[in-house]
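The values are calculated or read from the model by the stated rules, or taken from the named source; none is laboratory data. Everything numeric here is computed off the predicted structure, so don't read it as measured data. Cβ sites come from the backbone with ideal geometry, for glycine too, and all protein chains shown count toward neighbours.
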There are 2 protein chains.
Amino acid sequence: MAIAAESHTDVLIIGAGPSGLAAAYWMARYGVKARIVDKRGTKVFQGHADGLRAGTMDLFESMGFQHRILHEGVQLGEFSFWTRDENDRLKRQQRVRSDALDGLPYRTIALGQGRIERFILDTIAGNSDLQIERGVVTESLDYNEDMEENHDDYPITVKLRTLTEQEADTTSAHKSLLRDQLASDDLADLTPSRKNKPGTVEILKAKYLISCDGAHSWTRRQLDIPFTGSTTEHIWGVIDVVPITDFPDVRRASTVESKHGSLLIIPRERQLTRFYVPLTEVEEASGRFDRSSVTLDMIRQKVQEILRPFQFDFKICDWWTTYQVGQRIAQSFTKGRIYLAGDAVHTHSPKVGLGMNVSIQDGFNVGWKVALVAKQLAYTTILDTYESERRRLAEMLVDLDRRWSQLFLKQQNAISTGSQEKIDAMNEILRSTALFAECLLSYYGASPLVDKSEEGIAQNISSGERLIAAKIRNQASGEPSWTTQILRSDGRFRILLLAGDIRSEEQKRRVLAFSRYLSSDDSVLRRFTPGTTPLDSLIDVITIHSAPVEETESSDLPDNLRSLDSLRGWQYDKVWSDADCLMDLQCDGKAYEKWGIDRSKGAILALRPDQHIGWIGQLENVEGLSGYFDGILRQPVQKSFL
Amino acid sequence: MAIAAESHTDVLIIGAGPSGLAAAYWMARYGVKARIVDKRGTKVFQGHADGLRAGTMDLFESMGFQHRILHEGVQLGEFSFWTRDENDRLKRQQRVRSDALDGLPYRTIALGQGRIERFILDTIAGNSDLQIERGVVTESLDYNEDMEENHDDYPITVKLRTLTEQEADTTSAHKSLLRDQLASDDLADLTPSRKNKPGTVEILKAKYLISCDGAHSWTRRQLDIPFTGSTTEHIWGVIDVVPITDFPDVRRASTVESKHGSLLIIPRERQLTRFYVPLTEVEEASGRFDRSSVTLDMIRQKVQEILRPFQFDFKICDWWTTYQVGQRIAQSFTKGRIYLAGDAVHTHSPKVGLGMNVSIQDGFNVGWKVALVAKQLAYTTILDTYESERRRLAEMLVDLDRRWSQLFLKQQNAISTGSQEKIDAMNEILRSTALFAECLLSYYGASPLVDKSEEGIAQNISSGERLIAAKIRNQASGEPSWTTQILRSDGRFRILLLAGDIRSEEQKRRVLAFSRYLSSDDSVLRRFTPGTTPLDSLIDVITIHSAPVEETESSDLPDNLRSLDSLRGWQYDKVWSDADCLMDLQCDGKAYEKWGIDRSKGAILALRPDQHIGWIGQLENVEGLSGYFDGILRQPVQKSFL
């Protein structure tokens, strides 16, 4: 057995699923010394998760690949409910469209997890040399608490072993895949290169560990963290097939009631449709069911039964699996410098179409915090906010799944199959949880990263939440843009100067005073930005005023709000106007109203690198703003930033 | 000198610029045996053309990469005019927004030619094994007219020579490029692989030749085709720079008047701005000007002079060149089986931002026709329509450029510099030519491919034009989609069944009768589709009815309009509704009105593979429809299509 020399890294990520990749994105962005390993021989190509919510699309836009999702994915705008009437006739009871997303850039999209991974992988590759090491298993984990306090120590020791091709089972993956089922840009990943030779054992020391190793998390078990909750006795099948059917709503998100439970239908890319199929129940007493006894034909027959009198069949099955519904949450999400994220800390049924979203946001949440601390730019205290912020979301997810899945079961409650009452109940869940389920509300509590002391300045947005997307106009070009396009996940904090109506002399003076603060030695820009890097490399200032583009010039604003760069001139992406744009109906000049901000007086927002609002204040409250950053950022110990 | 054996190909394309690549796209799509050579050692990375018009974006959407353009390009929504007043003060005289594109999917976009080539190249690679052979020059051309009549003959003989790296001058290209100026997906193209060893000479026999070898076309000269027109005596500089300036409209399309002529400003991707700069005039008599005497600093100073009192400078120059305005058109676009396209047949100033568009459309136009004939699917007579369709556009382009460029010259006419009169004249040109300049009108005359006999059925669309884009809803999913997204450039003709209001029994009967025709042995589908291929592989039928989605089911329409496929089931992308969609303001249920089609009775359109309307008729006019295709398609001589 070949043994590699002991090696060191700042951050180790275990698991390269959506959650691990979202964390790895930040390592690439911040240039953190990191490793990322995954036991699977290849990336995921087919099946698995497929639901993307509006808030996740916002996040992807901030990462720069939303257009690829829109190009390949399927938008789910409406929901259809099918029931059987008293004569056992199947009929479409209702079609429902949510208005929760009206006026926002994105809707729910369905696209296979493999493609999402593709886009994050490409983004990582475009920003760094970070390579995902596949076919690598973790064999031991040692954590030395005594080393926790000293940043330069490596309290984590992991033994890594590179699998043989046989162990990694890449051959069977190749065989089971038809090449024409693969996107051409995924082809190269069928045979990923290995960093180490098969069988190599490596002792890796890390300062931080982010573990995203799935529902059966090896890391969680190593740390003896209890994973509490229930596994119910209901077995479900999932199939991604190209359906041959005369059921008319196979291209719409739909539920179909039956006495066996409800079928859930989700249309997908490449003519695929996903079916969540109730299969069987197991006696409470008998415990676990042998899922390996389920065949694809059993699932097919069940769908045929539920959809009857419509015909149903398929010849192309892209992927299928079975699962046992279980809602569980890890008792702890962290231990010292080890962070668990994604399925490793919350499992649930896939039917709510939210799991991948929450997992991505977990990894995204912990990623930038660990990166900032690893770079010694932020205090380690911000790391505690990972669990405090994400646990509540995990609980809400599991709770929503419990309520939603319940309704798919065979007469689990008083509500009878096929009744309008049941549809009303489903509708009510969809309606009442829409903003949470679309990942547009985060419920992050007060912390060093979320200052909730300001009240009354913004009526419709608050600290701990992301800024509601609005379409505004660039001052220099006049062209419209969603705020989600402007607020990029490039690693920087942002000060959003909502400058108000700068046509008024008084407001101009207020803006000038704030800009002078920014240029002063006291300002958060000067105090926290390492000396040799541009002043906007750690905290970026974006101005959105409320006067019409036509009645203003960039030069009406103080120069430093447009940061003149000696190489690249004025930065035209810094100043925006909340003005309407005749050629774009969505750009209606009502962003301030959407946010509940006074159009004359404006406000200041501090945004975290993940676009969550950290602080809200008046233009004069520079002390409050300073205080917010004082709680997060360290005085620079290095001369340059990235 | 290594001599390769004589080889054969069905189609040879000379020149892999936008025009040649657009033609090559069809070879890839139809699976035609083809070669494409280019004398340059590498693809274009920087500079050259950069204006994309709305109609070109439609075309790119039909090819499937519009989202990449939108992601990287800069939208040009407004035009600013700057003049000097009587006191020589520079001021913004007017900002103008065209409403010609309101209600359509795209606006004018600016993006460098290198990126456009990237996207077409990727699309070709995704559809075929066709490789662009770079660093290959053509050394002789022989055309044997006697072989013209027999399809199987190879009347064209071209001697190809693979350049040495030194000749191809790839090294200097490498040196002049900063790696960080390159998109990461362009990097591999810095060192393209060569098919043959440097110095190899190859004798290539081809059935057809499409030559897109630029303004100094070698092919045109070999064929002794006169290139008539004028080269005026005005010298212009073009620079792509990251400007350092306080001129406020450097991120807007703008003109700035000066006594030396007008400066034209076009904002671009990656913080670049392009400046078209009037440099000097040459005495009429002295003839050609030595452009090599122009330096980048001369251009910089000229811009400084024109923009004064604003500051102007730059440190980053991505690309620059000089040009002498000249409007020329080739006397002939074809000779036998040889077709010239793009700059090889029309040159003009780049200032109108239309040249690349017309060139792409040239290549696109000739490409599918040659491909269909090479595959023996269509009569050779359709090849004559290339020149008849494209010459008129080339003439209009050159005429527009002549009028537009004139206004940029120093007091060329009675209109004095800086006057509102001049701006009005510019505005009037922009306004009156908008639909042509945005490539939304084609003016194709009657031919076997364009039947103009039907009148009065469609008020706002006509044969020879592309269908005006409208947003409609998919019957099966209810989701909105632009028609430009549905009508793909996949090589197929289309029958667009505008089925009218299918809630009416009478209309249902008319639709049923038409669908029966489609299934009959007489139908164009049965007569022209090779026996073993699916019935929609040569002519695709798309239905758009005018009844609300909510009041109709797919099954209200005859089965064959949804083509049940034994492997892939019903085809859900075949049936659409012109109904409004609450969640999408652009999907207003008024497509029929946009086209001027009776909502009750509907109509039938036959679309060519390039989405141009070839024929319009009533639902009963199956004879007319048959007749249209009889003039184009041959009875199948092969068993399968592609």
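Numbers for the structure displayed
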{"quantity": "Top-ranked residue in the stretch B:127-143 [being among the hydroxyl-bearing types (Ser, Thr, Tyr) and surrounded by fewer than 19 Cβ atoms within 10 Å (Cβ to Cβ); ranked as farthest from B:Arg161 (Cα to Cα)]", "calculated": "B:Ser128"}
{"quantity": "Contacts under 6 angstrom Cβ, first residue in the stretch A:528-542 being under 12 Å from A:Ile495 (Cα atoms) and charged (D, E, K, R), partner modelled with pLDDT of 95 or more and in a loop (DSSP other than H, G, I, E, B), 6 or more apart", "calculated": "A:Asp540/A:Arg492"}
{"quantity": "Helices (runs of 4 or more DSSP H) wholly inside the stretch B:382-484 containing at least 3 residues that are touching a residue at least 60 places away in the same chain (Cβ under 8 Å) and buried (at least 20 other Cβ atoms within 10 Å of the Cβ)", "calculated": "B:385-406, B:420-432"}
{"quantity": "Residue within the stretch A:270-280 that is aromatic (Phe, Trp, Tyr), in the same structural domain as A:Thr83 (by the TED database), out of contact with any His (no Cβ under 8 Å at 6 or more places or on another chain) and crowded, with 17+ Cβ neighbours inside 10 Å present", "calculated": "yes"}
{"quantity": "One residue from A:Ser62, A:Ser80 being within 29 Å of A:Ala470 (Cα to Cα) and either at pLDDT 95 or above or not aromatic (Phe, Trp, Tyr) (or both)", "calculated": "A:Ser62"}
{"quantity": "Members of the stretch B:244-269 found to be within 10 Å of chain A (Cβ to nearest Cβ) and within 27 Å of the chain's Cα centre (by Cα), listed by number", "calculated": "B:Arg251, B:Arg252, B:Ala253, B:Pro267"}
{"quantity": "The stretch B:575-610: number of residues that are assigned to a loop (DSSP other than H, G, I, E, B) and within 12 Å of chain A (Cβ to nearest Cβ)", "calculated": "2"}
{"quantity": "Of all residues making up the stretch B:617-642, the number that are under 30 Å from B:Val32 (Cα atoms) and surrounded by 19 or more Cβ atoms within 10 Å (Cβ to Cβ)", "calculated": "6"}
{"quantity": "Residue in the stretch B:555-570 that is farthest from the other protein chains (Cβ to nearest Cβ), counting only those that are within 35 Å of the chain's Cα centre (by Cα) and crowded, with 20+ Cβ neighbours inside 10 Å", "calculated": "B:Leu561"}
{"quantity": "For A:Ala591: the one exception among (1) more than 18 Å from A:Leu561 (Cα to Cα); (2) modelled with pLDDT of 95 or more; (3) surrounded by fewer than 24 Cβ atoms within 10 Å (Cβ to Cβ)", "calculated": "(3)"}
{"quantity": "Any chance B:Asp153 is assigned to a loop (DSSP other than H, G, I, E, B) and at pLDDT 95 or above", "calculated": "yes"}
{"quantity": "Selection within the stretch A:532-547 - surrounded by 22 or more Cβ atoms within 10 Å (Cβ to Cβ) and charged (D, E, K, R)", "calculated": "A:Asp540"}
{"quantity": "Residues of the stretch A:313-333 satisfying the condition of being over 14 Å from A:Ile299 (Cβ atoms) and within 14 Å of chain B (Cβ to nearest Cβ)", "calculated": "A:Lys315, A:Ile316"}
{"quantity": "Total residues in the stretch B:457-481, condition more than 25 Å from the chain's Cα centre (by Cα) and within 14 Å of another protein chain (Cβ to nearest Cβ)", "calculated": "8"}
{"quantity": "Filter result for B:Gly367 (on the phi > 0 side of the Ramachandran plot and within 17 Å of the chain's Cα centre (by Cα))", "calculated": "no"}
{"quantity": "Answer residue from the stretch B:501-524, given it is in a loop (DSSP other than H, G, I, E, B) and among the hydroxyl-bearing types (Ser, Thr, Tyr) and is surrounded by the fewest Cβ atoms within 10 Å (Cβ to Cβ) among those", "calculated": "B:Ser520"}
{"quantity": "Helices (runs of 4 or more DSSP H) contained in the stretch B:14-124 and holding at least 2 residues within 14 Å of chain A (Cβ to nearest Cβ) and buried (at least 23 other Cβ atoms within 10 Å of the Cβ)", "calculated": "B:54-63"}
{"quantity": "Any chance B:Val44 is farther than 30 Å from B:Tyr154 by Cβ and not hydroxyl-bearing (Ser, Thr, Tyr)", "calculated": "yes"}
{"quantity": "Which numbered condition B:Lys197 misses (of (1) part of a loop (DSSP other than H, G, I, E, B); (2) free of Cβ contacts under 8 Å to residues at least 24 places away in the same chain)", "calculated": "(2)"}
{"quantity": "Qualifying residues in the stretch A:70-99 (those that are over 19 Å from the mean Cα position of the chain (by Cα) and small (Gly, Ala, Ser)) - the one nearest to A:Ala49 (Cα to Cα)", "calculated": "A:Gly77"}
{"quantity": "The stretch A:541-558, residues that are small (Gly, Ala, Ser) and at pLDDT 95 or above", "calculated": "A:Ser546, A:Ala547"}
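Here is a yes/no grid of residues against (1) touching a Lys or Arg at 6+ places or on another chain (Cβ under 9 Å); (2) among the aliphatic types (A, V, I, L, M):
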| position | (1), (2) |
| --- | --- |
| B:Val44 | no, yes |
| B:Thr56 | no, no |
| B:His67 | yes, no |
| B:Gln75 | yes, no |
| B:Trp82 | yes, no |
